[in-house]
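Accompanying notes for the structure given below.
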Amino acid sequence: MSDQWFAGVDLGGTTTKIAFISMNGVIVHKWEIPTDNSNEGQNITSNIAKSINEKLNELGANREQLIGIGMGAPGPVDYETGIILNVVNLGWKDNYPLKESLEAATSLPVVIENDANCAALGEMWQGAGNGAKDLVCVTLGTGVGGGVIANGNIVQGVNGAAGEIGHITAIPFGGAPCNCGKTGCLETIASATGIVRLANEALLKDGSNGELAEKHASNGNITAKDVFDSARNGDLLAKKVLDDVSFHLGYVLANIANTLNPEKIVLGGGVSKAGDILLKSVRENFEKYAFSSVKDSTKLAVATLGNDAGVLGAAYLIKNNLNL
Ligand SMILES: [Zn+2]
C-alpha cells in the first residue's frame with residue numbers, strides 16, 4: 001500500500017482515542033484504549049506506541065505508512081516544545097515533556113496541542129468550519145473549552161493560554177466558583193455541569209411543578225439534556241434556564257466576534273447536541289450584542305464531527321507541521 005497515514009491521538013483522562021487518518025482527512029481506522037494514570041502517568045505514551053504498533057499489524061499495514069503523530073492533550077501546552085504545562089488528572093507532574101516522550105516511544109515526529117484547539121482544527125478541516133480559515137470553536141461539555149483559529153493557525157498567546165473561552169468572566173460579582181479558582185466564569189453557566197447547577201437552583205427556588213420538576217422528583221437528579229428536552233416541551237422553568245444560559249453564551253460570543261470577526265463560531269461538545277433550541281436562542285442574544293457588520297458576517301453553527309473532531313484536528317496539526 002502506498003497510502004500514507006497520520007495517527008491522530010485524543011488523550012483524555014479516562015480514555016485515549018486514536019485514529020489512522022489519510023492525507024485528505026479520511027479516518028481509515030479508529031479505536032480507543034484506556035488511559036493508564038498510574039505510576040505518575042509513566043505508561044501513557046508507551047501504551048499509545050504499543051497500541052499503534054498492534055493496530056498496524058492487525059491491519060496488515062506497513063510501518064512506513066505512518067508518517068507522524070498529532071496529539072491533543074487536556075491542558076495548556078507549550079506548542080513549540082511539546083511540554084504539557086499542568087495536568088490535573090493524568091498523573092504527570094507539571095511541565096511533562098509529552099512530545100519528547102511520545103517521539104522516543106514511537107520513533108515518529110510528534111506535535112502536541114491543547115485538546116480544545118485540536119477540536120477546533122478538526123472542525124475547520126473536515127467539519128462545520130467547512131474550510132473557514134477564521135474560526136472560533138467552543139466546546140460545551142463537562143467544562144467549556146475554546147479554540148481560536150486566525151488565518152488557519154491556532155492563536156497560542158504568549159503562554160499557550162489563548163482561547164480559554166470557558167474562563168471569560170460572565171458574572172463579575174457573586175458568580176459560582178469555577179475549577180480554575182475564579183468565580184463567575186462562562187464555564188460555570190454554559191457547561192453541562194453549569195446548566196444542571198442553574199436548573200437545580202431554579203428548582204429549589206420555585207420548581208414544585210412542571211416537567212423538569214417531575215423528572216427531578218422521579219430520578220433524584222437531572223441532566224443538561226433533561227433541561228433541553230423539557231424546554232422543548234414548553235416547561236417554563238426549563239425555558240428560563242435555557243434563556244439564562246443562552247443570554248450569557250450569546251453575550252460572550254458576540255464580544256469574541258466583535259474582537260475577531262471570524263467567519264464562523266462553531267459550538268461543539270455534548271451540550272451542543274441540544275441543536276436548534278440552543279442555537280436559535282444563543283443566536284438571538286448574539287445578534288443583540290454583535291456589532292452590525294459582525295452580526296452580518298459571523299455565522300453560528302453546531303459542530304458536525306462529534307467525538308472525531310479531536311483526532312482529525314490532531315492529524316491536521318501534524319500534516320501542517322510536516323508541510324504536507
Ligand atoms: Zn474559570
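The values are calculated or read from the model by the stated rules, or taken from the named source; none is laboratory data. Computed from a predicted structure; not experimentally measured. Don't worry about glycine lacking a Cβ; one is built from the backbone with ideal geometry, like all the others, and counts go over all protein chains shown. Heads up: the accessible areas ignore ligands, DNA and RNA and are worked out on the full protein's heavy atoms, side chains in. Shrake-Rupley method; radii C 1.70, N 1.55, O 1.52, S 1.80 Å.
Taking the condition within 21 Å of the chain's Cα centre (by Cα), open to solvent by 10 Å² or more (accessible area, probe 1.4 Å), within 23 Å of residue 272 (Cα to Cα) and modelled with pLDDT of 95 or more, does residue 232 pass? For residue 232, the condition - within 21 Å of the chain's Cα centre (by Cα), open to solvent by 10 Å² or more (accessible area, probe 1.4 Å), within 23 Å of residue 272 (Cα to Cα) and modelled with pLDDT of 95 or more - is not met. For segment 84-126, a residue qualifies if it is polar (S, T, N, Q) and over 12 Å from the mean Cα position of the chain (by Cα), and the qualifying residues are 86, 89, 95, 101, 106, 107, 126. Looking across segment 153-183, the residues that are more than 14 Å from the ligand (Cβ to nearest atom), touching a residue at least 40 places away in the same chain (Cβ under 8 Å) and assigned to a loop (DSSP other than H, G, I, E, B) come down to 156, 159, 160. Assuming residue 114 fulfils every condition listed in (1) open to solvent by 10 Å² or more (accessible area, probe 1.4 Å); (2) away from the ligand (no atom under 13 Å from the Cβ); (3) over 28 Å from residue 47 (Cα atoms) apart from one, which condition is it? Residue 114 satisfies all of (1) open to solvent by 10 Å² or more (accessible area, probe 1.4 Å); (2) away from the ligand (no atom under 13 Å from the Cβ); (3) over 28 Å from residue 47 (Cα atoms) except (3). Here the strands (runs of 3 or more DSSP E) wholly within segment 24-122 that include at least 2 residues being touching a residue at least 12 places away in the same chain (Cβ under 8 Å) and more than 28 Å from residue 150 (Cβ to Cβ) are 27-34. Look at (1) in contact with a helix residue (DSSP H, G or I) (Cβ under 9 Å, 6 or more places away or on another chain); (2) among the small types (Gly, Ala, Ser); (3) crowded, with 18+ Cβ neighbours inside 10 Å; (4) within 30 Å of residue 252 (Cβ to Cβ) and you find that residue 49 fails only one, number (4). For residue 41, the conditions (1) more than 23 Å from residue 312 (Cβ to Cβ); (2) open to solvent by 10 Å² or more (accessible area, probe 1.4 Å); (3) of a type outside the set (Ser, Thr, Tyr) are fulfilled apart from (2). Within segment 148-156, none of the residues are within 22 Å of residue 34 (Cβ to Cβ) and of a type in the set (Gly, Ala, Ser). Contact map, segment 226-241: residues that are of a type in the set (Asp, Glu) paired with residues that are open to solvent by less than 20 Å² (accessible area, probe 1.4 Å), Cβ distance under 7 Å, separation 6+ or inter-chain. Pairs shown: 226/212; 235/212. Of the helices (runs of 4 or more DSSP H) lying entirely inside segment 184-229, the ones with 1 or more residues being surrounded by fewer than 20 Cβ atoms within 10 Å (Cβ to Cβ) are found at 192-206, 211-219. Is it true that some residue in segment 158-171 is open to solvent by less than 60 Å² (accessible area, probe 1.4 Å) and on the phi > 0 side of the Ramachandran plot? Yes, the conditions are met somewhere in segment 158-171. Scanning segment 247-271 for residues that are crowded, with 19+ Cβ neighbours inside 10 Å and within 16 Å of residue 196 (Cβ to Cβ) returns 248, 249, 269, 271. Every condition in (1) over 19 Å from the mean Cα position of the chain (by Cα); (2) within 15 Å of the ligand (Cβ to nearest atom) is met by residue 202 except one, and the failing one is (2).
Looking only at residues of segment 272-312 that are among the β-branched types (Val, Ile, Thr), part of a helix (DSSP H, G or I) and touching a Lys or Arg at 6+ places or on another chain (Cβ under 8 Å), we find that the one that is surrounded by the most Cβ atoms within 10 Å (Cβ to Cβ) is 311.
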